[in-house]
Amino acid sequence: MGTKTIGIREKVYERLKARKRDDESFTDLMDRLLDESKGDWREGFGTLGEDDAAELEELVEQSRERLNEGLATRQQNALEELSDLDDVENDNETA
């Protein structure tokens, strides 16, 4: 069976090394860890902690407020421009 070389950060290596048993290789360790993980790993992928989730919710709310304010301003400007065009057309028709 072939082998592959992968690069991992030093911090991750240290975490793996701490979980590695004396009688197992890193391949055996990763195989064991993968077998121990139950279910589909993607189920919990992207799950945020409470603090991170609260911060994200606040950022989303602020972004929505800015978007709504900008949209309201653009909408008002468009209505004013249309009104001005109607006034010009009406003036041209009565002249």
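Checking 79, 59, 29, 67 one by one, the residue that is closer than 30 Å to residue 5 by Cβ and assigned to a helix (DSSP H, G or I) is 29 and no other.
Here residue 16 meets the list (1) out of contact with any Phe, Trp or Tyr (no Cβ under 7 Å at 6 or more places or on another chain); (2) modelled with pLDDT of 90 or more; (3) in a helix (DSSP H, G or I) almost entirely, failing just condition (1).
Please find, among 10, 57, the residue that is at pLDDT 90 or above and surrounded by 10 or more Cβ atoms within 10 Å (Cβ to Cβ). From the options 10, 57, the qualifying one is 57. Of the residues contained in segment 71-82, one or more are found to be within 24 Å of the chain's Cα centre (by Cα) and free of Cβ contacts under 8 Å to residues at least 40 places away in the same chain.
Kindly establish whether residue 18 is within 28 Å of the chain's Cα centre (by Cα) and without any contact (Cβ under 8 Å) to a residue 12 or more places away in the chain. So residue 18 does not fit the description; no.
The values are calculated or read from the model by the stated rules, or taken from the named source; none is laboratory data. These numbers come from a predicted model, not from an experiment. For neighbour counting, all protein chains shown are included, and Cβ atoms are generated from backbone atoms with ideal geometry for every residue, glycine included.
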